[in-house]
Ligand SMILES: Cc1cc2nc3c(=O)[nH]c(=O)nc-3n(C[C@H](O)[C@H](O)[C@H](O)COP(=O)(O)OP(=O)(O)OC[C@H]3O[C@@H](n4cnc5c(N)ncnc54)[C@H](O)[C@@H]3O)c2cc1C
Ligand code: SF4
C-alpha cells in the first residue's frame, strides 16, 4: 500500500469511466459508482446497494435499496444535499433482508460507517453485512432550503427546471433545458452546512473505493482503490469490460496533485 500525503492510503489512482452508454448518459461523472455496484450485484458480491434515489420533491434524495442495474441508474447523479444513506442501512438488512450490502456516501458518512463497524452499538447485525463502501469526494454540501434559495435568488432559476447540478472549476452549475448556468462558489459560500467548514476529509479516505470528478477530464472520474476488497472488485469490473481506465495525469486537468 502506498501513502499519498493528502489523499489517505490508497493502492492505485486512475482515471476511469463506465463503458455502458446507458450509465454514461445519466451519471454525474464517469459513472463509476453505478457501474461498480452494477458489477457487484451481477457477481453476487452484494445483494443490494443503498443509494440516493429520487423522491417526490425535486432534488431531494431519498435512500433506496437498489437490487437491479435499472434501480441504480434511476438513482445516478449527484444531489447536493444530505441523503441519509447510513440511516437506511439498518432497513436494508432488517426489512429488506439483504445479507451483503453496498452503499455510497460522502466522506463523513463513510467515516461514520467505519466507526459503526469498529463499535457496532445497536448495529450488530448490520456492521458485518457491509461488503462495498464507495465514497464520493466532497468539498461542501447544502441544506435543501439553501439550494432553493440561491438557485432562485442568485441564478433566477426554478428548482423544478434544473436537470443537473455540478460543482467544478470554482463554480456551482445548474443545467436547464436551454442553458448551463454557473455562479462562482464565492456566491454560494455561506449557504453550506456549517459542519462542512471544518471537515477533515475531502476524498473519502476510509472507503473501499473513492471517486470524484476533480483531476479528471469531463465525463471521466478519478478513482482511488483503498482496500483489498475495493481494489479486487474494481479490477474485476475493469477486466469484465464494465469500466475502462487510463493513467491519472494531473497535468491534463489540474486540481488533484498526486505525489
Ligand atoms: C454533496 C456533494 C459534494 C461533492 N463535491 C465534490 C467535489 O468537490 N469534488 C469532486 O470531485 N466530487 C465531488 N462530489 C462527487 C461527484 O459529484 C460525484 O458524485 C462522483 O464523482 C461520482 O460520480 P459517478 O459518475 O461515479 O456517479 P454516478 O454513477 O452518477 O452515481 C452517483 C451515486 O451517488 C449517489 N448520491 C448522489 N447524491 C448523493 C448524496 N448527496 N449523498 C450520498 N450519495 C449520493 C447516487 O445515488 C448514485 O448512486 C460531490 C458529491 C456530493 C454528493
Ligand atoms: S464537506 Fe465534509 S462534512 Fe460536509 S458533507 Fe462533505 S464530507 Fe460531509
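The values are calculated or read from the model by the stated rules, or taken from the named source; none is laboratory data. Fair warning: this is a prediction, and the values are worked out from it, not measured in the lab. All Cβ positions, glycine included, derive from the backbone under ideal geometry; neighbour counts span all protein chains shown.
Checking 12, 28 one by one, the residue that is surrounded by 19 or more Cβ atoms within 10 Å (Cβ to Cβ) and either touching a helix residue (DSSP H, G or I) at 6+ places or on another chain (Cβ under 7 Å) or in the same structural domain as residue 240 (by TED's automatic domain parsing) (or both) is 28 and no other. Taken over the stretch 62-83, the criterion of being in contact with a strand residue (DSSP E or B) (Cβ under 6 Å, 6 or more places away or on another chain), assigned to a loop (DSSP other than H, G, I, E, B) and more than 8 Å from ligand 1 (Cβ to nearest atom) is satisfied by 67 alone. For the stretch 179-188, the criterion of being in a loop (DSSP other than H, G, I, E, B), out of contact with any strand residue (DSSP E or B) (no Cβ under 7 Å at 6 or more places or on another chain) and not assigned by TED's automatic domain parsing to the domain that holds residue 27 is met by at least one residue. The one condition from (1) surrounded by fewer than 21 Cβ atoms within 10 Å (Cβ to Cβ); (2) within 16 Å of ligand 2 (Cβ to nearest atom) that residue 211 does not meet is (1). Note on the stretch 126-141: among residues that are under 24 Å from residue 66 (Cβ atoms) and within 14 Å of ligand 1 (Cβ to nearest atom), the one that is surrounded by the fewest Cβ atoms within 10 Å (Cβ to Cβ) is 141.
When residue 77 is tested against the conditions (1) more than 16 Å from the chain's Cα centre (by Cα); (2) farther than 23 Å from residue 229 by Cα, the lone failure is (1). A search for C-beta distances below 6 Å between a residue of the stretch 179-208 that is on the phi < 0 side of the Ramachandran plot and any residue that is assigned to a helix (DSSP H, G or I) and within 12 Å of ligand 2 (Cβ to nearest atom), counting only pairs 6+ apart in sequence or on different chains, returns 201/107; 206/110; 206/111; 207/110. So for the stretch 90-99 (the condition being surrounded by fewer than 19 Cβ atoms within 10 Å (Cβ to Cβ) and within 14 Å of ligand 1 (Cβ to nearest atom)), does at least one residue qualify? Within the stretch 90-99, not a single residue is surrounded by fewer than 19 Cβ atoms within 10 Å (Cβ to Cβ) and within 14 Å of ligand 1 (Cβ to nearest atom).
Within the span defined as the stretch 190-197, every residue fails to be surrounded by 17 or more Cβ atoms within 10 Å (Cβ to Cβ) and either away from ligand 1 (no atom under 14 Å from the Cβ) or under 30 Å from residue 244 (Cβ atoms) (or both).
Among the conditions (1) out of contact with any helix residue (DSSP H, G or I) (no Cβ under 7 Å at 6 or more places or on another chain); (2) part of a loop (DSSP other than H, G, I, E, B); (3) within 10 Å of ligand 1 (Cβ to nearest atom), residue 109 misses just one, which is (2). Could you tell me whether any residue of the stretch 46-54 is more than 18 Å from residue 136 (Cβ to Cβ) and buried (at least 22 other Cβ atoms within 10 Å of the Cβ)? Yes. For the stretch 114-137, a residue qualifies if it is assigned to a loop (DSSP other than H, G, I, E, B) and in contact with a strand residue (DSSP E or B) (Cβ under 8 Å, 6 or more places away or on another chain), and the qualifying residues are 129, 137.
Taking the condition without any contact (Cβ under 8 Å) to a residue 40 or more places away in the chain, within 21 Å of the chain's Cα centre (by Cα) and either in a loop (DSSP other than H, G, I, E, B) or not assigned by TED's automatic domain parsing to the domain that holds residue 75 (or both), does residue 173 pass? Yes; evaluated as a whole, the condition is true for this residue. Here the stretch 158-182 is the region considered, the condition is being in contact with a helix residue (DSSP H, G or I) (Cβ under 8 Å, 6 or more places away or on another chain) and farther than 28 Å from residue 7 by Cα, and the residue that is surrounded by the fewest Cβ atoms within 10 Å (Cβ to Cβ) is 177. In the stretch 91-118, the residues that are on the phi < 0 side of the Ramachandran plot reach residues that are within 10 Å of ligand 1 (Cβ to nearest atom) and part of a helix (DSSP H, G or I) with C-beta atoms within less than 7 angstrom, at least six apart or across chains, in these pairs: 102/37; 104/33.
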